[in-house]
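Participant: Here it is, the structure, as structure tokens.
The values are calculated or read from the model by the stated rules, or taken from the named source; none is laboratory data. Nothing here was measured: the structure is a model prediction, and the numbers come from that model. Backbone-built Cβ (ideal geometry, glycine too); neighbour counts: all protein chains shown. All accessible areas refer to the heavy atoms of the entire protein, side chains included, with ligands and DNA or RNA removed. Shrake-Rupley method; radii C 1.70, N 1.55, O 1.52, S 1.80 Å.
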Amino acid sequence: MEITQTLAATTQPTVSPDKAKSAISSDFDTFLLMLTTQLKNQDPLKPIDSADYAVQLATFSQVEQQTKTNELLGNLGSEFGLMGMAQLASWVGREALSAAPVRVETDPVTLSPKPATGADRTILGIYDSLGTLVAREELPVSRASVNWQPLDAQGQPLPPGTYSFQLESYSGQELLSTTPVEAYARITEVRGGPGGTTLVLEGGAEIRAADVTALRS
């Protein structure tokens with residue numbers, strides 16, 4: 001039957017769960033309308049074949065079950081999000097190591113540089129919230145943590161603000177790579193949203209828990 005074929009074509013799963021739920025619900029209502037219209041307008045002398053009617057009812061049941069399944073999955077997703085927030089609540093007040101911009105005042109900031117393989121010289125670039133390079137300084141070629149003092153090229157204190165860091169790795173005069181430098185920043189909030197649970201750092205930057213590579217008190 002044409003109705004069965006049309007419904008089968010419209011109930012294929014889509015990439016987005018929200019769109020899938022909307023599409024399934026729409027197909028559910030459309031199927032009911034088409035089925036009742038067909039019953040109202042069938043030829044009394046040539047009624048719908050019982051086998052075809054059974055197929056349509058089975059399809060109707062499948063659509064109904066898919067709608068309920070989508071609603072259940074949506075509810076489970078919300079519950080898992082709340083569980084994630086509860087588990088990460090203990091992180092608030094601790095310092096997370098990530099490549100996100102950090103709030104800088106006057107205290108040193110702990111950085112974790114990762115020089116490229118084969119580098120014999122590394123230079124730290126410091127950028128303000130607008131992405132402007134405000135200072136550069138040479139660092140030892142090492143993966144050991146560095147306590148960076150917030151000073152400009154003239155050795156004067158940088159104004160308080162949000163800064164990010166890039167590490168330039170050189171071999172002789174050749175630039176091998178420029179990579180983000182991870183820094184420790186205090187976690188101020190755990191926040192849930194459509195994209196999942198995120199951590200809010202001091203200064204306002206938001207990161208996923210999976211982006212944290214180390215945690216300290």
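Participant: Give me the compactness ratio for segment 131-217, meaning the Cα radius of gyration over 2.2 N^0.38 Å.
Facilitator: Dividing the Cα radius of gyration by 2.2 N^0.38 Å gives 1.31.
Participant: Are there trypsin sites (Lys or Arg not before Pro) in segment 135-217 that DSSP marks as loop and that have at most 16 other Cβ atoms within 10 Å, and which are they?
Facilitator: Filter output for segment 135-217: Arg143.
Participant: What number comes out for accessible area per residue over segment 110-168 if the probe is 1.4 Å? Units Å², please.
Facilitator: On the way: 3140 Å² over 59 residues.
Normalised by residue count, the accessible surface of segment 110-168 is 53 Å².
Participant: Between Ala144 and Ser171, what is the label-point separation in nm under the 7 Å Cα-to-beta-carbon projection?
Facilitator: Between Ser171 and Ala144, the simple spin-label model gives 2.5 nm.
Participant: Further question: Using the beta-carbon distance between Ile123 and Gln87 and R0 = 30 Å, what value does 1/(1 + (r/R0)^6) give for FRET efficiency, to the nearest 0.05?
Facilitator: For R0 = 30 Å, the calculated efficiency reads 0.15.
Participant: For segment 82-217, with all protein chains present and a 1.4 Å probe, just round the carbon and sulfur fraction of the accessible area to a whole percent.
Facilitator: Working: 3770 of 7380 Å².
C and S fraction of accessible area: 51 percent.
Participant: Still on this structure, I have one more. In a shell of Cβ-Cβ distance under 11 Å around Arg103, excluding Arg103 itself, what net charge do Lys and Arg (+1) and Asp and Glu (-1) give?
Facilitator: My count for the surroundings of Arg103 gives -2.
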